[in-house]
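See structure below.
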Amino acid sequence: MVFSVLLAIPVSTYAAHSLPVDVEAEDCNLGNGAVITTNVYGTQYPGYSGDGFVWVANSGTIKLEVTVPENAMYELSTRCWMYLGNIDETRMQVVSINGKSYSNYFIPNKGEWIDYSFGYFYLEAGKATIEIGTSGSWGFILYDKIYFDYADMPDHIIDPTPCDPNATPEARALMKYLTDVYGKYVISGQQEIYGSGNDGNYELEFDYIYDKTGKYPAIRGFDFMNYNPLYGWEDGTTSRVIDWVKNRGGIATACWHINVPKDFTSYTPGEQVDWTNCTYKPTSSFNTANCLDETTKEHAYLMMAIEDLAEQLLILQEENIPVLFRPFHEAEGYNNTDGSGAWFWWGSAGAEVYKELWKLLYTTLTEKYGLHNLIWEVNLYTYANSYEWYPGDEYVDIVGYDKYEGSPNTWGTSAATSLFLKLVDYTNDTKMVALTENDIIPDIQNIVNEGAWWLYFCPWYGDFLMSSRYNDPTLLNTIYNSEYVITLDELPENLYEYEDTAPDINYGDLNNDGKINSTDFTILKRYLIKFITKLDVPIEAADLNGDGSVNSTDLTILKRYLTKSLNEFPVTKK
């Protein structure tokens, strides 16, 4: 075996780098066994720049110092190769800045050099010491380049149209409100206890918040788990949703901890099963993949469960109440695509089955039961392959993240900005991103500083809210009384009144500056070659012949208009 090491001792580079930083990894300070090489045990990894690359091995580190010009958001990224295991397997890396550990990062094996972003960081002006290293346990990565520069923050201009084309006027109105405040404010939320918890006191958490802050949350979280074909009982959830929305003027979000029998093999569809013999965890006797097969018992059970759910949602639709609906949540569990890390039965068959399960629920509720009062929220994580669990833009309105300490990271009161931005990036900033569950509420000042504009936060019930281990009452008061946090009393009175007014379309003006010139031509050209993925104006503004699509014909029309071969666009003649 050949193992060529060009330089096996740390390289000392004391000068601080100025922005933009674009350095060879081998020119940084190396430690803990990191070495510069051109191969690993004789295996070549062609395509690197410079004299070689850095192999951090089991516990190696790469360190560099940068000059931070101002208080702002910055991005740290690298060109690297994770070379162990199968394609898409991952190895964990860690990043610390000025001695503060930020997160764990799972870099995938793609069989080649890749560009990988460690995310965005809020740093204050001055010198900053950045350290990239392995987790200390099988964290082997090859590093070629290190980059550091200002972060390109998202715009958060979201289309308010729900994914359900037949959404009710109230659902459309709520979507319009959510997209209007997104990126400027954070909406406060709180999950209620379910069943008969808190000795039947469903107001415990809400009274606690009011006692500490003088405010109530704008969003209340519910759970439809007890409406089911096994042990189902009326726990008053639907009535409380109606009261919260119609009488108190709030917003409702709901999850669905739907149970299955622990012994599904012996279960006969329609029979009653005591709740102690039910579970929402993966169980060997319930084959989740069979839910997609209409001939199976699993499918029959799922259809009964959906029927019970639909009955309650239809009551809300008749009351003109929209719901932020978050079914089949936390499906991935821990870092997998095959179901091996799933915490709930609906994720136990892996990402592909889960996506079809989501679509089945969506089509059953919308088409069979005519439910159109739902704004669809999907839970995602930020592991290397978490995006594989995304059902698709046409089935999703909001991307949610459930943030708990140590699962897998410890965030404290930070804004969890790297999480937020990775979730934003999943849909190219076309969907809103929310903290659909959490323990510690991020400090609102951190959110403002870092631009991590979570649509809303929603602590789980009990100690997750009320224990000082998670939420200090003083900080809770600061958050609820911040000008950037929307509380129940600050929601508009006409929240659910929808006006179907189409935005003004200024054809050809693609940057909304009131002019039609060569800049607009350049924007359209960049859009058509996919250099940019969206316009800052309604897409209709670029459809200059009114044929319902934007293509090279529209670019030709715009060119003719600018050269005065046309006096007006064909679309304006229709």
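Coordinate-derived values only; no laboratory data. Computed from a predicted model, the values in this text were never measured in an experiment. So basically every Cβ, Gly included, is an ideal-geometry build from the backbone, and we count neighbours across all protein chains shown.
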If the cut-off is 12 Å between C-alpha atoms, which aspartates and glutamates fall inside it for Lys262, apart from same-chain ones fewer than 8 positions away? Asp274
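Of Lys110/Lys184; Lys525/Lys573; Lys515/Lys573, which sit over 31 Å apart, Cα to Cα?
Result: Lys110/Lys184 exceed 31 Å.
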Please compute the modelled spin-label separation between His257 and Gln445, points set 7 Å along Cα→Cβ, answer in nm with one decimal. 3.6
Which value in nm describes the separation of the simple spin-label points at Lys564 and Ile529, placed 7 Å from the Cα toward the beta carbon? 2.8
DSSP H segments from the chain that extend 30 Å or more along their own axis, Cα-based, with Kyte-Doolittle mean of 0.0 or above: 297-318
Could you give the size of the charge dipole of the chain about its Cα centre, using +1 on the Cβ of each K and R and -1 on the Cβ of each D and E, expressed in debye and rounded to the nearest 20? 1380
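Report for the chain the percent antiparallel among DSSP-assigned beta bridges with both residues inside it, nearest 5. Mind dumping the intermediate values first?
Working: 58 of 87 bridges.
DSSP beta bridges in the chain are roughly 65 percent antiparallel.
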Dipole of the chain, positive direction: furthest Cα of Val66, Thr213, Phe457, with charges on the beta-carbon: Val66
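Is the chain rounded, prolate or oblate when judged by the Cα gyration tensor, a ≥ b ≥ c being the square roots of its eigenvalues, rounded requiring a/c under 1.5 and prolate requiring a/b larger than b/c?
Oblate.
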Per-residue Cβ neighbour rank within 10 angstrom, fewest leading, Ile532, Ile523: Ile532, Ile523
Rounded to the nearest 5, what % of DSSP beta bridges with both residues in region 169-490 are antiparallel? 10
In what sequence do Ile157, Ile398 fall when counting other Cβ within 10 Å, fewest first? Ile157, Ile398
Which pairs, out of Lys100/Lys530; Lys215/Lys422; Lys246/Lys431; Lys281/Lys403, put more than 29 Å between their alpha-carbon atoms? Lys100/Lys530; Lys215/Lys422
How do Ile158, Ile193, Ile87 line up, fewest other C-beta atoms within 10 Å first? Ile87, Ile193, Ile158
